[in-house]
C-alpha cells in the first residue's frame, strides 16, 4: 500500500503500462547503443530500432503516465463534485505540490530523477538518430531492394569513402529539410510499393555541383593535363593486350580568362535545352561571355524554333552534365574483364576467356541465382569441351575466373530492379553513349556559321597505341581502330556501334563476333 500511496494517481493500469514501456524502451536503447559501440557493427535495422522505434516507444510510454494519472484524478473529482463518492478532502482543480508530505516528496524526487534520466536517453538517441540518418547505412541498406544497385555501385566506386549526404544534401538546414521531406515521399513509395521498377535519372532538383562537388574538387586547383593509359584486351584466343596512351586536356583554372580544355565549360555560363529527360538530345546551346554577349548554337539537322527556345527550360551546365555518374558507376562486362586482367585476378592465358565471359554475362537472366548457376556451369564446361588440356592443367585458374565473373555480375546486374550496366548512360567520354558528341558533333552551328567542333584533339592527344594491327615499335599520334572501317571512324559516333552490347573493346567488329575456334 506504501507504493500505491506514493504513486498516487499514477497507480492505474494506463500509467503502469506507460512506465513499463518507458523503462523497457530506455533499457533497450542503452543495451543496443552499447552493443554498437563495443562491436563497431552498424546495421540498418538495428539503427532503426535503436534511434527511432525505441525512442518513440519511450516517449509514448512517458505520455501514458500523466495521461493515466489525469484520467483517474478527473474521474475522482467528477464523482466527488456529483456526490457519488465521499472523500476525506476536497480535490482541487489543479494538483497541489506539498513537499512536507513524505509521499509527495518521494514522488517529486523520483519524477525529477526519472525526467533527467529519460531526457538524457532521448537526447543521446536524437543526436545519434540524426547521425544515423546521415549515414550510408541508412541511405543504402534500409530500402534494400530499391537501393541495392546504387549502393553496390557506390561501394565499389572512387567515392566509396564519401557519405551519400555529402553529395546529395550538402551543408545547411534548408537542403537537409528538403532531403528529409523527399525521404518521406520515398518511404511512402517503398512502404506501399508505388516506386518504379527502375529508378529514373537524372534526379529532379538535385543540388548544384557548385555547392557540393566543389568542396573537394575546387576549380582553382585544376591542373592543365593528365596522361592516362587505357588498357584493353581483344576478345580473341590470346586475349591480346591493347593500350592507348593519351594526354587528356583537362584545362587549368576554368575561371581564368585564358582557360581552355575540357573544364572550360564550367568557367563560362553555358546553358542548353534538352528534348529528353536523360539529356541525350541537346538541340540548343548558348554561351554567355564576360561582356554579356550570348552566342547561340543550334542543331542544323533538327533545330528548335525561336518560340520553343523562348519557352524552353534552359539548364545552366555544371559538373554533373558530363560527370553524371561520378559515384554510382557501372561497368560493362568487357571493361570488367579488362580490369581483372590488369590486376591478374583472371588468368589471361585462358583461351577466349574474355569473349566467353562477356557472352555469358550479357544473356538475360530471371535472377542472380540463375546467372551464377549458368556461370558456374558453362565456363568450366567450355574448357572441358574445347580445351581439355587447359581444363586439366588450369582447373584452379578456371575456378577463380568463375568466381570473378560471378562477382562482375553481382556488381553490374540487378534483375529485381531491371537494372544492368547499360541502363544508366554515362556521359564521360563517348564510347557507349554520345557523351561529348551530344554537343561536339559538327552539327551545332551559329547563325554566322561557327560550329561546336568534333575535333578529337580539343580534349585529348594520342601519345601512343599498342594493338594487333600496329607494327611493334611504331609510334602513332592518331587513334587507330583495330578494324579498318575507313572514314566511318570520323563520320559515325562510337556509341552507334558499341552501345548495344557488352563487346566494349574498340574494334570488336563482325569478324570477332564469330564463335571461338575449337581446339582439342
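Please treat every number below as a calculation from the coordinates, not as lab data. Quick caveat: nothing in here was measured; it's all calculated off a predicted structure. Cβ coordinates were reconstructed from backbone atoms using ideal geometry, including for glycine residues, and neighbour counts include every protein chain displayed.
A few remarks follow.
- Prolate/oblate/rounded call for the chain, Cα gyration tensor, a/c under 1.5 rounded: prolate
- The fewest-to-most ranking of 278, 161, 420 by surrounding Cβ atoms within 10 Å reads 161, 278, 420.
- Shape category assigned to the stretch 117-171 from the gyration tensor of Cα positions, a/c cut at 1.5: prolate
- Rg over Rh for the stretch 187-305 works out to 1.09, using Cα positions for both radii and the Kirkwood form for Rh.
- Cα pair distances in the stretch 357-454, grouped into 10 Å bins until the bin that holds the longest one, percent each: 14, 30, 21, 16, 12, 6, 2
- 0 to 90° range, to nearest 10: angle between helix 144-155 axis and the chain longest Cα axis: 60
- Computed with the Debye formula from one identical point scatterer per Cα of the stretch 255-333, without solvent, the log10 of I(q)/I(0) at q = 0.11, 0.17, 0.22, 0.28 Å⁻¹ comes to -0.36, -0.79, -1.12, -1.40.
- Taking the longest Cα principal axis of the chain as reference, the axis of helix 173-191 is set at about 90 degrees.
- If R0 is taken as 30 Å, the Cβ-Cβ distance between residue 491 and residue 305 corresponds to a FRET efficiency of 0.60.
- Peptide ranges 126-137, 434-445 listed from the most packed, as the mean C-beta count within 10 angstrom indicates: 434-445, 126-137
- Cα gyration tensor shape for the stretch 137-206, rounded if a/c is under 1.5, else prolate or oblate: oblate
- Nearest-ten-degree value, helix 333-342 long axis tilted from longest Cα axis of the chain: 80
- Per-residue Cβ neighbour counts within 10 Å put 14, 203 in the sequence 203, 14, beginning with the fewest.
- Residue-averaged 222 nm ellipticity for the chain, from DSSP H runs of 4+ at -39500 (n - 2.57), nearest 500: -13500 deg cm²/dmol
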